[in-house]
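A short write-up of the structure that comes next.
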Amino acid sequence: MTETAVQADRPSLTRSRWTITAAFGLGGITISAWGPRLPAIKTSLGVDTATIGLLLAGVTIGAMLGLVISTAFAIGEALARIFGGPIVDRLGRVRTIRVTTALGVVGIVLFIEAGNLWIILAGVLLWSVGVSMGFPLGMSAAAESGPDPAARVSVVASVGYFASLAGPPVIGVLAQSVGLLHALWLIAAMFVAAFAAAGSLGRREAAT
């Protein structure tokens, strides 16, 4: 690598180092927040040291499983978008959205109801496929829906990003009342709504 290339890549390396430092620093702060409280937690629960050790092992395993499931979701969504182009060409936007949202409903139902880890993982993959095509196809339809496509795409993008930010707090508030798994039925309802609204993409196609 030449000196010029090294100089050009230095900001990227600096950002990477700061990101890694922040990640490890946040983990350390989190552990330091509850680690000193372990004796009090042990006394409050009335358990022995071995049980506390099992609880800590459970936290670690839970974090690992969460990482596996979130990685599976990201991979499933990415693969669906990468290989979704030929499917859209063959089926069109409307049927593609309906197929993917139907798979999303199946996935979220499996995630909520299944008691087997592998079935839950399959549900996560189907769920990721369900959410994979709505945003890009919505943006595409907005761009072709009439005059001033930039403004239309901007509105759709703003709605999409707002939903990404607002969705988790809404699920969290609902979970306080009905429990987390029951709160996730809202996502199934949103999939059904997306399935029903998919026809609007067809009308945009017909208008072009």
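No value in this document is a laboratory result; all are computed from the given coordinates. All of these numbers come straight from a predicted model, not from anything done at the bench.
When you work out D = kT/(6 pi eta Rh) for the range 68-207 at 10 °C and 1.306 mPa s, using the Kirkwood radius from C-alpha pairs as Rh and the Stokes-Einstein form, the result is 100 µm²/s.
The HN-Hα couplings worked out from phi for the range 182-198 by the Karplus form 6.51 cos²θ - 1.76 cosθ + 1.60 (θ = phi - 60°) are 5, 5, 5, 4, 4, 5, 4, 5, 5, 4, 4, 4, 5, 4, 5, 7, 4 Hz, whole numbers, x standing for Gly and Pro.
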